[in-house]
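The values are calculated or read from the model by the stated rules, or taken from the named source; none is laboratory data. Small disclaimer: the values here were computed from a predicted structure and weren't measured. For neighbour counting, all protein chains shown are included, and Cβ atoms are generated from backbone atoms with ideal geometry for every residue, glycine included.
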Amino acid sequence: MTPKYQVGGLASGMDTMSIIDQFVALQKQPIQKVQQRQAFVRSQISAIGDIASRLNSLATAAKTVADNGVRATSITSNASTFNATADGTALPSTYSVEVVSLARAAKSKSLRFDSASSTVAGGNLKLGINGTDYDIALTDGMTLTQAVKAINASGAPVNASIINTSDGSYVSILNRNTGHTVGQPASTAMEITETTTGVTGSPLGLSVYEAAENAQIVLDDQPELTMESSTNTITGAVPGVTFTLKAVGSPENLTIAVDQAGSAARLKAFVDAIKNVNDRIDALTSNTTTSEGVLAADSSLRSIKEQIKRVITKTVEGSDTIKNLGDIGLSHTMYGSLTVDYAKFQKALASDPLAVNNLFSQATSGVSAAIKPIVENATKASTGTLRTRQDSLNKTIRRYDEQIDRMNKSAETYRNQLTQQFSAMESTMSSMKAMSNYLTQQQAALTAGKK
């Protein structure tokens, strides 16, 4: 705060404002040390946030491998009737795939009406859609347009509309979903019962003119290997493979193979996520004769690194031959860095791919399940070790802010005191200078009188 009255050394000839500024600057020097400590704490908060972000990325990487499998597969097919994709559970093989039929939705239409404003006889319209009934009240004398609105508002999974032709108008109803419940007759996709009680207008007279049809494929020309679906997407026919049907046609080949490069890339993404955490922890906790990390004294980070390290050797249930990540080539060097023997990984993948996938996906002891609590215990809001550490450091920042504010106020008080003191000095010197000038004038006058 700048004082209302400032002195400028008019009487003394000194630059008193500059002198005051220098004194105040000396008074404020301790603030710089507090600001330096505050900046260091901010760097710690930032570093902890970085570690938390990397840990979350590690959890995501582990879950991705668990969900998709560490073993990548490649699909080879020039089929024009279908597309196919495979996940990590698909086993190498070759199939002949014939698309017998595509899924089709049931459709119905009404009798002919003169126009959309023609009247409809009152009564009840019941739509049975895949085993669920929907009752629609038709008001006697309502228009065709109003009847369509009532059908669409009924909650039935259908789309009703009016088709206007040169011959007249028709109500059209389309089942929003293709096909019908597997194992049930196609007619169950859309069943219509109309009870007419009114006398004004004509009944709708709805009837199904295009029956629902399910999609079907046949594998290897074996009728017993037929897979049916109410949609044009079929899963389960071949484990791990999803078929998207495009057209009916002759049998076409599909080849599933292990993608070694893709599998190695999936494992590398997980390993890189671990290294990303470990390398950052090493940098932040380093303590050598030449450098010290901003979190060198934080033992919680070393604990997190050690917990992750134990995951590598943790036994995973489900296989007698591939029990931990070490069995697929992951290990730590004598200096603690993580390495991968990709030749050993490919060998394990070839011998028991499902066991390799199980290392990551096993629900209770798998890698993803083991890493999840490590990350949550560190990063969970309010209770995670890293989050509580950040909260504590943020409180320290606020205390430093309060300390700096107090020191600034003290320095300004000191400035005001100096200003008052120098002002008093200038006032005294001004009075003394005036007295000196007066005495000089009197002496000069006396000297002149004696002459």
Among the candidates Ala160, Ala156, which residue alone is touching a helix residue (DSSP H, G or I) at 6+ places or on another chain (Cβ under 7 Å), surrounded by 13 or more Cβ atoms within 10 Å (Cβ to Cβ) and among the small types (Gly, Ala, Ser)?
-> Ala160
Only one of (1) of a type in the set (Lys, Arg); (2) in contact with a helix residue (DSSP H, G or I) (Cβ under 8 Å, 6 or more places away or on another chain); (3) not assigned by TED's automatic domain parsing to the domain that holds Asp352 fails for Arg112. Which number is that?
-> (2)
Only residues in segment 296-321 that are assigned by TED's automatic domain parsing to the domain that holds Asn358 count as the first member; pair them with residues that are surrounded by fewer than 13 Cβ atoms within 10 Å (Cβ to Cβ), Cβ under 6 angstrom, at least 6 apart or cross-chain, and list the lot.
-> Ala296/Asn287
All positions within segment 258-292 that are of a type in the set (A, V, I, L, M), under 16 Å from Ala72 (Cβ atoms) and modelled with pLDDT of 90 or more = Ala261, Ala264, Ala265, Leu267, Ala269, Val271
Taking segment 144-182 on its own, how many of its residues are of a type in the set (Val, Ile, Thr) and touching a residue at least 40 places away in the same chain (Cβ under 8 Å)?
-> 7
If we scan segment 424-437, do we find a residue that is small (Gly, Ala, Ser), in a helix (DSSP H, G or I) and crowded, with 16+ Cβ neighbours inside 10 Å?
-> no
Give, as residue ranges, the strands (runs of 3 or more DSSP E) completely inside segment 70-143 that count at least 1 residues that are modelled with pLDDT of 95 or more.
-> 82-86, 93-101, 107-109, 123-129, 132-138
Single unsatisfied condition, Ser80 versus (1) of a type in the set (Gly, Ala, Ser); (2) surrounded by fewer than 16 Cβ atoms within 10 Å (Cβ to Cβ); (3) closer than 30 Å to Val294 by Cβ = (3)
Any chance Ser74 is free of Cβ contacts under 8 Å to residues at least 60 places away in the same chain, in contact with a helix residue (DSSP H, G or I) (Cβ under 8 Å, 6 or more places away or on another chain) and of a type in the set (Gly, Ala, Ser) = no
